[in-house]
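Chemist: Provided herewith is a single structure, encoded as structure tokens, for subsequent inquiry.
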Amino acid sequence: MSLSDSLYQEVLLDHYQNPRHHGKMEHSDLHQEGVNPLCGDEVELFLKLNGDIISEISFVGKGCSISQASASMLTDCLYGKTISEAKLLIQEFKGMLLEDKVPNFPEEYEDLESMEAVKKIPARIKCATLAWNTLEKAIGK
Amino acid sequence: MSFDLEKIRRDFPILSTQMNGKPLVFLDSAASSQKPKSVIDTIRKYYEAENANIHRGVYYLSQKATEKYEMARIRTSRFIGAACAKVVIFTRNTTESINLVAQSWGRTNIHEGDEIVLTELEHHSNLVPWQMLAQEKQAVLKFIPLNQDSTLDLSNLDEIITERVKLVALAQMSNVTGTIHDLSAIIRRAREVGAKVLIDGAQGICHLPTNVQKEDFDFYAFSAHKMLGPTGVGILYAKEEILDTMPPWMGGGDMISKVWKDKSTYADLPARLEAGTPNISGVIGFGAALEYLESVGMQEIRNHELELLQYALDRLEDFGGLELYGTNDLNKRGGVISFNFPGVHPHDVGSILDEEGIAIRVGHHCAQPFMDFKGIAGTCRASFYLYNTKEDVDSLLVGLKKVKEIFGRVLKR
């Protein structure tokens, strides 16, 4: 399987074409915009919290398939999870792409594994991590 | 010398290398051109046998380096048709050349309420320095609008370039669409109102025979690295009577005449505008690049690019379904093709082509106002230079077919 075949798998292209939790949210508790100025990819995250639990999450954005699919996967994985679970997942995801760590995602997060191919294309790592950096900023506030 | 494409290709070592196991197809010369062996060898020779700082040393090496550096200045002035060498100022790049004009000439001559005219197709380097100056001086930026085919809409030129305009600054050729602007009409109007004209020649000088005096440019800015030379060398040409009035914009070594503890007097041109040790090897290497371009001939390069452009446009039209930007009038266009694959982001196209060894540029190309005008996030851009072939175009089409296959899986649904 060639590099672009392993990257542009069905699962990534499906998230790109049919993004989950897509749209702006009124009265969100957390709102954060993220941008990669050099390529112009944009992601905007909205979160509603119930105590420590992410009770609602959504995103809007524009950019390449990797940046937008990654945001879609992020919202899908974190819907209904806690902030501390989110922090762990950010660590796991960024570790996979930036530190070459073997990811150990729980089964319900398996879509994220399709992103591992991105690390073979260094120019695109910033696309894959945009939503995750944006979330990090949002919950760090 | 006749245009010998095979010989030219042999002169560029990188063109025979492989990318991802495939022969390199380099279609991004608008970002930075490849370098011929003669330029690489000249730089190597300088460091191996001629290295010394210039303008100061009384010993042989310094004299030799100075002589070569100043020879490159003379060659540059002849290449662009300037009256003499001292009107050629070396900077780091086109961006620095434009900033030099903004900081030195602009801060002296632009005042509150004055107007600066740009176009909607400018590179950020010929936009942001003027935004900064306009903010500082409370001056006004105005824009010549575009026609749908990316040529300039000059129908209201007299209303846009009024008596309040002090400067008209625009590119000779667009880095996004390859549009070659009709400068003569704009310069004529600028003269009527007494405005100065700055031409961003970053894309123009490498592709088009250019004569700054015949074309009556006040300022002309460009870079060595897009014309076979090394990175880190920019050029600013300006008419001597304008340069004479421009105050220094950076202080330091080389730009002074006499220095006391509390004040200094400044050197004559060109040293007054070149503070500090310059990119000596780069300027000397640039001299070799100009020699190479002259040996091939700028008109021959233009003719070759037009042939490639026509061939590529025809094939991309035949491919079907692509959105192409820019005029079809080849008299108004250089060897740059911007396009989009509907439903596929340019970055995804770029990554898939990269795997096939094909280098194109994707994104907004530092021209975001144009992307806003078109309502797009970016484009895929293939750009040609003297060493490109019709086979390169064919490879691009094969790569695009692969993009279609990969994204077709979801686009069909």
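The values are calculated or read from the model by the stated rules, or taken from the named source; none is laboratory data. The model shown is predicted, which means the values in this text are computed figures rather than measured ones. Reconstructed Cβ throughout: ideal geometry from the backbone, glycine too, with neighbour counts over all protein chains shown. Accessible surface is based on the protein model in full, side chains and every heavy atom, while ligands, DNA and RNA are left aside. Shrake-Rupley method; radii C 1.70, N 1.55, O 1.52, S 1.80 Å.
Chemist: For the pair residue B:277 and residue A:62, how long in nm is the line joining their label points, each one 7 Å along Cα→Cβ?
Modeler: A separation of 4.7 nm, rounded to one decimal place.
Chemist: Residues of region B:289-305 with the amide nitrogen closer than 18 Å to a label point 7 Å from the Cα of residue B:78, along Cα-to-Cβ, please.
Modeler: B:289-299
Chemist: Looking at the P(r) of the protein assembly as shown, how many percent of alpha-carbon pairs lie beyond 45 Å?
Modeler: Tail fraction, whole percent: 25.
Chemist: Give me the dipole magnitude in Debye, nearest 20, for chain B about the Cα centre, with unit charges on the beta carbon: positive for Lys and Arg, negative for Asp and Glu.
Modeler: Dipole of chain B, to the nearest 20 debye: 900 debye.
Chemist: Same structure, new question: Could you tell me which GluC sites (Glu not before Pro) in region B:34-116 are loop residues by DSSP with no more than 10 other beta carbons within 10 angstrom of their beta carbon?
Modeler: Loop-located and lightly packed - B:112.
Chemist: Report the antiparallel proportion of the DSSP beta bridges in chain B as a percent, rounded to a multiple of 5.
Modeler: Bridges in chain B are about 60 percent antiparallel.
Chemist: Would you mind working out the accessible area per residue for region B:139-273, using a 1.4 Å probe, and quoting it in Å²?
Modeler: 39
Chemist: For the B and A pair, go ahead and give the buried accessible area with a 1.4 Å probe, both sides summed, in Å² to 100.
Modeler: For B against A, buried area totals roughly 1600 Å².
Chemist: Only helical DSSP H runs with n ≥ 4 go in: add -39500 (n - 2.57) per run for the protein assembly as shown, normalise by residue count and round the 222 nm mean residue ellipticity to 500 deg cm²/dmol.
Modeler: -11500 deg cm²/dmol
Chemist: I've got another one for you. Percent relative contact order of chain B, based on C-alpha pairs within less than 8 angstrom and at least six residues apart?
Modeler: Averaging sequence separation for qualifying contacts and normalising by length gives 22 percent for chain B.
Chemist: Which of the trypsin sites (Lys or Arg not before Pro) across region B:148-235 are loop residues per DSSP, with 11 or fewer other Cβ within 10 Å?
Modeler: B:214
Chemist: Right, something else. What is region B:1-54's relative contact order, in percent, from Cα pairs under 8 angstrom and six or more apart in sequence?
Modeler: So the answer I get is 29 percent.
Chemist: For region A:61-141, how many pairs of lysine residues have a Cα-Cα distance under 15 Å, where the two are 8 or more positions apart or belong to different chains?
Modeler: Counting lysine pairs in region A:61-141 gives 9.
Chemist: Over region A:47-124, give the accessible area per residue in Å² for a 1.4 Å probe, as an integer.
Modeler: Each residue of region A:47-124 exposes 45 Å² on average to a 1.4 Å probe.
Chemist: A further question follows. Partner chain Cβ atoms within 10 Å, averaged over the residues of B:348-355 - can you pull that number for me?
Modeler: 6
Chemist: I would also like to ask the following. Rg to Rh for region B:150-230: what is it, with Cα atoms only and Rh by Kirkwood?
Modeler: 0.99
Chemist: Excluding residues on the same chain fewer than 8 positions from residue B:214, give the lysines whose Cα lies under 21 Å from its Cα.
Modeler: B:86, B:196, B:239, B:332
Chemist: Let me have the relative contact order for chain A, percent, based on Cα pairs under 8 Å that are six or more residues apart.
Modeler: 29
Chemist: Measure off, as a whole percent, the carbon and sulfur share of the 1.4 Å-probe accessible area of region B:334-384, all protein chains present.
Modeler: 49
Chemist: Still on this structure: I'd like the mean, over residues of A:5-17, of how many other protein chain beta carbons sit within 10 Å of each residue's own Cβ.
Modeler: 4
Chemist: Using 7 Å Cα-to-Cβ label points, what is the residue B:44/residue B:191 separation (nm, one decimal)?
Modeler: So the label points at residue B:44 and residue B:191 sit 4.9 nm apart.
Chemist: Ignoring ligands, DNA and RNA, what accessible area per residue does region B:4-73 give at 1.4 Å, in Å²?
Modeler: I get 57 Å² per residue for region B:4-73.
Chemist: Something else now. From the backbone phi of region B:24-34, what are the Karplus-calculated ³J(HN,Hα) couplings (6.51 cos²θ - 1.76 cosθ + 1.60, θ = phi - 60°) in whole Hz, Gly and Pro given as x?
Modeler: Per-residue couplings from phi come out as 5, 10, 9, 10, 9, 6, 5, 7, 6, 7, 7 Hz.
Chemist: Roll a 1.4 angstrom probe over the protein heavy atoms and tell me the percent of accessible area of region B:139-239 that is carbon or sulfur.
Modeler: Whole-percent figure for carbon plus sulfur exposure: 48.
Chemist: Between residue B:262 and residue B:132, what's the calculated FRET efficiency when r is the beta-carbon distance and R0 is 25 Å? Round to 0.05.
Modeler: 0.25
Chemist: Continuing with this model, one more query. Give the lysines whose C-alpha is closer than 18 Å to that of residue B:401, dropping any in the same chain fewer than 8 places away, or say none.
Modeler: The reachable lysines, counting only those whose Cα sits under 18 Å from residue B:401, are B:22, B:390, B:412.
Chemist: Something else: Tell me the GluC sites (Glu not before Pro) within region A:13-61 that lie in a loop according to DSSP and have at most 13 other beta-carbon atoms within 10 Å.
Modeler: Here the GluC sites (Glu not before Pro) that fit, given the DSSP loop and packing criteria, are A:26.
Chemist: Now for a different question. What whole number of Å gives the distance from the Cα centroid of region B:185-255 to the Cα centroid of region B:350-377?
Modeler: Between the Cα centres of region B:350-377 and region B:185-255 lies a distance of 28 Å.
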